Amino acid sequence: MLKKRSIWIASLILLIIIVAGGFYYYKTKILTANAAVQDAPALQTAVARLGDLEILASGSGEVIPVSQIGLGFDESGTLIEMNVREGDKVQAGDILARLQTENTPEDIAAAISDAELEVISAQQALDELYASSGSSKATAMNNVATYEQAVRDAQYQLENYTVPTTLQNLDTVEAVNLMKQQLDVASKAFEPYKYLSSGDDTRKKFLEALNDAQADYDAAVKRLNYEYALQVAQANLENAQDEYEKYKIGPAADELQLAQAELENAKAKLALAQSDQAVIELVAPSNGIVMAVDAGVGEAPGTTAIITLANLDQHLLEVYLDETDLDKVALGNEAEVVFDALPDRTFIGHIVSISPGLETVENTPAIKTQVLLDQDSADVYLPVGLNASVDIIAGRAENAVLVPVEALRKLDEGEYAIFVMEDGELVMRMVQVGLMDTTTAQIISGLQAGETVSTGIVQTR
């Protein structure tokens, strides 16, 4: 019994020692570790998922006509008939209105008669030109022959003229000028002696010098006349040859062109006179809807537009977007349109034009675009001015790998990395990023759906 009691006491003491040691370990190790964990920064993570991502810009717009034109008469008069009213659908060729012009039937007949006379006169002038071209050709040929002979005669006279020795080394005009100067000198020298006796020796000497100078001057002038006659004959011959070339194959080209133009002008005047009518019609140039009628029977509208015709075969919207969405606006981008009057249906269209300048809407700069709805909206009545909310789709990714933008680490322009949890540790991977908005990014390559990524850390206390 005593032995058993001793064993029990020893066991109790050992148990107390173990409990005390455990308490000490818990206090010094476990609590310290927990404090360290509580003081350590907490890691935030997210799981890459499959989903859809759209990058869009929202704006507002209204239906406008695809095209719109104003129609009016090109003459003055009194409106005697208006066949349409606002909202009517018309076809190309429909008579929309009629106008009583200021032209009377008598005035029109007189104008046509005058124009017909002008056509007849112009045609006769053209015919006469063709008829006379043969005579003009014959005259030109005769002139060529005449001036050919004149050239030969002038050349013969010049070539057979004996030039005095004193003139042989001088230009023709230069010789005339020089001989005139010498003649003037000889005449002045003879002047004091011209009234002396004809037998006076001094008088004879100066008279002989005067006669020689006169003879040289006459010779120089004669040679000049021969050369002048030759040049005139050659010029006349060239003109005659040119004239012959003009008429060699018919009327001269410039005369023929002028006569033909005058005939065409006369015919145009006749056609214009024949088109004048006492009553003229305003005809629809294309299919459309009458948007406005601005004149009534009995009024004198002049030449201003009195009917506005619009093409509403397609639905076109004028859409305004905030200038901060400029990077999301491009020709061909898809648009989702919901009209205020038809909130349960979404229409699809595409951007077909972008204004080159910003517009001011309620004192705010805005981008103006035009969106054309797809043909499946053609069966719906969408009046001009109908308001709509419009989302421009700048990009769309379907069934794509998506992560929060906080997971991205930008390394360089267009280069990104992500920290991925692998076996309890973070590993950096290079990824290719696609679409991205303010909260979500599309990962094209480098990451699979279901993987855990780091989105940052949060300090906890």
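The values are calculated or read from the model by the stated rules, or taken from the named source; none is laboratory data. Worth saying up front: this structure is predicted, and the values here are computed from it rather than measured. Here the Cβ is made from the backbone with ideal geometry for all residues, glycine too, and neighbour counts use every protein chain on show.
Details
- The one condition in (1) under 37 Å from the mean Cα position of the chain (by Cα); (2) loosely packed, with under 14 Cβ neighbours inside 10 Å; (3) more than 22 Å from L382 (Cβ to Cβ) that A295 fails to fulfil: (2)
- Residues in the stretch 242-263 that are surrounded by 15 or more Cβ atoms within 10 Å (Cβ to Cβ), of a type outside the set (S, T, Y) and under 24 Å from N142 (Cα atoms): E243, K246, P251, A252, E255, L256.
- D94, sole failed condition from (1) closer than 14 Å to A278 by Cβ; (2) in contact (Cβ under 8 Å) with a residue 60 or more places away in the chain: (1)
- Every residue from the stretch 46-89 that is small (G, A, S), more than 37 Å from the chain's Cα centre (by Cα) and modelled with pLDDT of 90 or more: A46, A48, G51
- Residues considered: L321, L326, L282. Of these, the only one that is assigned to a strand (DSSP E or B), within 30 Å of I55 (Cα to Cα) and either assigned by TED's automatic domain parsing to the domain that holds I354 or not acidic (D, E) (or both) is L321.
- Inclusion of E238 among residues that are acidic (D, E), without any contact (Cβ under 8 Å) to a residue 40 or more places away in the chain and in a helix (DSSP H, G or I) is warranted.
- Unique match (being modelled with pLDDT of 85 or more, surrounded by 15 or more Cβ atoms within 10 Å (Cβ to Cβ) and within 21 Å of E227 (Cα to Cα)) among Q182, Q155: Q155
- Residue-level check: of (1) more than 30 Å from N225 (Cα to Cα); (2) aliphatic (A, V, I, L, M); (3) crowded, with 17+ Cβ neighbours inside 10 Å, A140 misses just (1).
- Residue check for D327: touching a residue at least 12 places away in the same chain (Cβ under 8 Å), loosely packed, with under 14 Cβ neighbours inside 10 Å and of a type in the set (D, E, K, R): yes
- All of (1) touching a residue at least 24 places away in the same chain (Cβ under 8 Å); (2) surrounded by 13 or more Cβ atoms within 10 Å (Cβ to Cβ) hold for N83 with one exception: (1).
- Filtered by the rule that a residue be β-branched (V, I, T), exposed (fewer than 15 other Cβ atoms within 10 Å of the Cβ) and closer than 20 Å to V283 by Cβ, the stretch 90-114 gives a lone residue, I95.
- Screening the candidates A378, A278, A295, A310 for the property of being farther than 30 Å from G77 by Cα and among the hydrophobic types (A, V, I, L, M, F, W, C) yields one hit, A378.
- Inspection of the stretch 300-316 finds a residue satisfying the criterion of being of a type in the set (V, I, T), part of a strand (DSSP E or B) and in contact with a strand residue (DSSP E or B) (Cβ under 8 Å, 6 or more places away or on another chain).
- Among residues of the stretch 131-166 being without any contact (Cβ under 8 Å) to a residue 40 or more places away in the chain and aliphatic (A, V, I, L, M), the one that is farthest from V221 (Cα to Cα) is A131.
- Filter result for S197 (outside any helix (DSSP H, G or I) and more than 30 Å from A253 (Cα to Cα)): yes
- A189 assigned to a helix (DSSP H, G or I) and surrounded by 14 or more Cβ atoms within 10 Å (Cβ to Cβ): yes
- Comparison of P343, P356 shows that the only residue that is part of a strand (DSSP E or B) and out of contact with any Leu (no Cβ under 8 Å at 6 or more places or on another chain) is P343.
- The numbered conditions (1) in a helix (DSSP H, G or I); (2) more than 36 Å from the chain's Cα centre (by Cα); (3) over 30 Å from I69 (Cα atoms) are all true for P251 except (1).
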